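Have a look at the structure below, then the notes.
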């Protein structure tokens, strides 16, 4: 895995390796990440990275949030309760030297603590097919993590319906990965 574009373009990220068998780490491939970020940066959604406060739920390796930081996000909070994921995220933050622009919360994404700052860019990549994405968005909204009109990027095995409080913008398919883009209502 590598950073696709921006400040850290081409920089390698920590390899998942065998990781933790119970963690079910499934990082977004470079190809899917590149296609997704090209859509996000294409102008239809403004410039979602410039100065963004971001939240990466079920962060895994942190690749989605780190890509956003590389492209101009101001800060990214990573949330994952897996030990293997936490180590990978810390290693990647150290590799890129961006500790001052990040925060790692070792907590379940479906029961979040109160937010310090609402975020306007949210990545959501839950374990496929377990219904955790909607729970995580509900928790994030209730805990103050989601700013009005925040852009949500939700990766799953199938297109997702917009939960209450969100509007569906579009869905895209990349092989067996479906990305659903949502906008938080005001």
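The values are calculated or read from the model by the stated rules, or taken from the named source; none is laboratory data. Quantities reported herein were computed from a predicted structural model and do not represent experimental measurements. Positions of Cβ are backbone-derived with ideal geometry, glycine not excepted, and every protein chain shown enters the neighbour counts.
List of remarks:
- Figure legend. Inter-residue proximity from segment 67-87: first residues at negative phi and free of Cβ contacts under 8 Å to residues at least 24 places away in the same chain, second residues surrounded by fewer than 24 Cβ atoms within 10 Å (Cβ to Cβ) and in a loop (DSSP other than H, G, I, E, B), beta-carbon distance below 6 Å, spacing 6+ or different chains. Indicated pairs: 86/106.
- Restricting segment 117-131 to residues that are assigned to a loop (DSSP other than H, G, I, E, B) and in contact (Cβ under 8 Å) with a residue 60 or more places away in the chain, the residue that is farthest from the chain's Cα centre (by Cα): 117
- Among the residues of segment 175-186, those that are farther than 17 Å from residue 120 by Cβ and either in contact with a strand residue (DSSP E or B) (Cβ under 7 Å, 6 or more places away or on another chain) or surrounded by 17 or more Cβ atoms within 10 Å (Cβ to Cβ) (or both) comprise 177, 178, 179, 180.
- Only a single criterion out of (1) over 15 Å from the mean Cα position of the chain (by Cα); (2) within 23 Å of residue 149 (Cβ to Cβ) is not satisfied by residue 87, namely (2).
- Of the residues screened, residue 94 is not one that is under 26 Å from residue 34 (Cβ atoms), surrounded by fewer than 21 Cβ atoms within 10 Å (Cβ to Cβ), touching a strand residue (DSSP E or B) at 6+ places or on another chain (Cβ under 9 Å) and modelled with pLDDT of 95 or more.
- Where a residue in segment 156-178 is touching a residue at least 12 places away in the same chain (Cβ under 8 Å) and at negative phi and its partner, wherever it lies, is surrounded by fewer than 12 Cβ atoms within 10 Å (Cβ to Cβ) and assigned to a loop (DSSP other than H, G, I, E, B), with Cβ under 6 Å and at least six apart: 157/129
- In the set 31, 71, only one residue is over 13 Å from the mean Cα position of the chain (by Cα) and at pLDDT 95 or above; that residue is 71.
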